[in-house]
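A quick write-up on the structure given underneath.
The values are calculated or read from the model by the stated rules, or taken from the named source; none is laboratory data. Not measured: the values here are computed from a predicted model. So basically every Cβ, Gly included, is an ideal-geometry build from the backbone, and we count neighbours across all protein chains shown.
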């Protein structure tokens, strides 16, 4: 295992790493207390596009952890930022399958969101109300009507984007339907493959490192999924750490053509590793204890 050194910044996944559903992973508070104490900056980068940054800070608060809005980057936020660079927001209409977590950043960037049954004419020509883009994020109230509106507009020529491709989503009781499953249904209906913004694509990692002002060689990505968190880190040329509290397990790693740099049981193990990786000073109680026994 490579030495756990040169750590200047962390990109941390949330679902399956910090919690499962609304159940925090053991050691959550100690983990963040340690990061603050040793001054390692971090971005909480998640493929889950259902919640807004404010909703995430409120969720952390319920678990006893204080997180700043600027420390959160969702695949929805990354998608809105990416689209704002590719299109003129004020002149672009978007149909969204998703929750407030994806709608809010698109509105903040200036895009217009279209309604159900606002549909283009099928000849590649956009109507007055039909969307130029279809964006699909995790939607826990997805319906046939939403899927049909998206399908008709994609078939009519609307660009097709997905916030992330996770086919499953970790909950307290196990794995459930993820956004990738919704994307797969739309792809089956339209024969159009979406452009994915979230992990494992490098876009969200690049945005996170830009916020952190960190270099790839001094950044570590922490996650629980080989096919998103770890693969995305590899594509972004950064080191990766997989925890075993989420989706992937050691058997998956053994069978995978790509591997994480490190595997640890949980965030409690990471807390210990980070603490042990810090240089000792003469003010450190451990150093003083050693001096007294010499």
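Looking across segment 155-185 at every residue that is touching a residue at least 60 places away in the same chain (Cβ under 8 Å) and in a helix (DSSP H, G or I), the one that is nearest to residue 231 (Cα to Cα) is identified as 179. Is it the case, given these coordinates, that residue 150 is modelled with pLDDT of 95 or more and either out of contact with any helix residue (DSSP H, G or I) (no Cβ under 7 Å at 6 or more places or on another chain) or crowded, with 20+ Cβ neighbours inside 10 Å (or both)? So residue 150 passes the test.
A single member of 113, 51, 35, 106 is at pLDDT 95 or above and under 25 Å from residue 247 (Cβ atoms), and it is 35. So which residues in segment 164-195 are under 23 Å from residue 143 (Cβ atoms), in contact with a strand residue (DSSP E or B) (Cβ under 7 Å, 6 or more places away or on another chain) and at pLDDT 95 or above, if there are any at all? Of everything in segment 164-195, those that are under 23 Å from residue 143 (Cβ atoms), in contact with a strand residue (DSSP E or B) (Cβ under 7 Å, 6 or more places away or on another chain) and at pLDDT 95 or above turn out to be 182, 183, 186, 192, 194.
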